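The values are calculated or read from the model by the stated rules, or taken from the named source; none is laboratory data. Everything numeric in this text was worked out from a predicted model, so none of it was measured. For neighbour counting, all protein chains shown are included, and Cβ atoms are generated from backbone atoms with ideal geometry for every residue, glycine included.
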Amino acid sequence: MGVQHLIAMFGATVLAPILMGFDPNVAILMSGIGTLIFFVMTGGKVPSYLGSSFAFIGVVIAASGYAGPGPNANIGVALGGIIPAASSTHSSARWCRSLARAGSNGSCPPW
């Protein structure tokens, strides 16, 4: 199971940045740093690898007009959409966590 996870996440961590015009080396570095922060914050109770997301590929390509190989020259335009999307995801997670703590059964995962 661990090898399957490694192969799937490594492919996503390399392929997603290439499709969006990012540097894959930076994506691998940031996913490693994010994984270490996540591991420390959960006290090592939830071993998980945080990789790239395919959810933003269409939005980045549409917003920046990226159409080919090489670095994406309009990455700042795409970041203008990624940052609010990540903020709304964070807000949704905090809301879901508050529901779970309030005893709402079935609507959110257990904490």
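Just a few scattered comments:
- Residue match in segment 95-104 (condition: at negative phi and modelled with pLDDT of 85 or more): yes
- Applying the criterion of being closer than 17 Å to Ala86 by Cα and among the aliphatic types (A, V, I, L, M) to the residues of segment 41-60, the residue that is modelled with the lowest pLDDT is Leu50.
- For segment 57-70, filtering for residues that are surrounded by fewer than 16 Cβ atoms within 10 Å (Cβ to Cβ) and either of a type in the set (S, T, N, Q) or part of a loop (DSSP other than H, G, I, E, B) (or both) leaves 5.
- Residues of segment 1-40 satisfying the condition of being at pLDDT below 85, surrounded by fewer than 11 Cβ atoms within 10 Å (Cβ to Cβ) and assigned to a helix (DSSP H, G or I): Gly2, Val3, Gln4, Ile7
- Residue match in segment 71-89 (condition: at pLDDT 85 or above, exposed (fewer than 12 other Cβ atoms within 10 Å of the Cβ) and outside any helix (DSSP H, G or I)): yes
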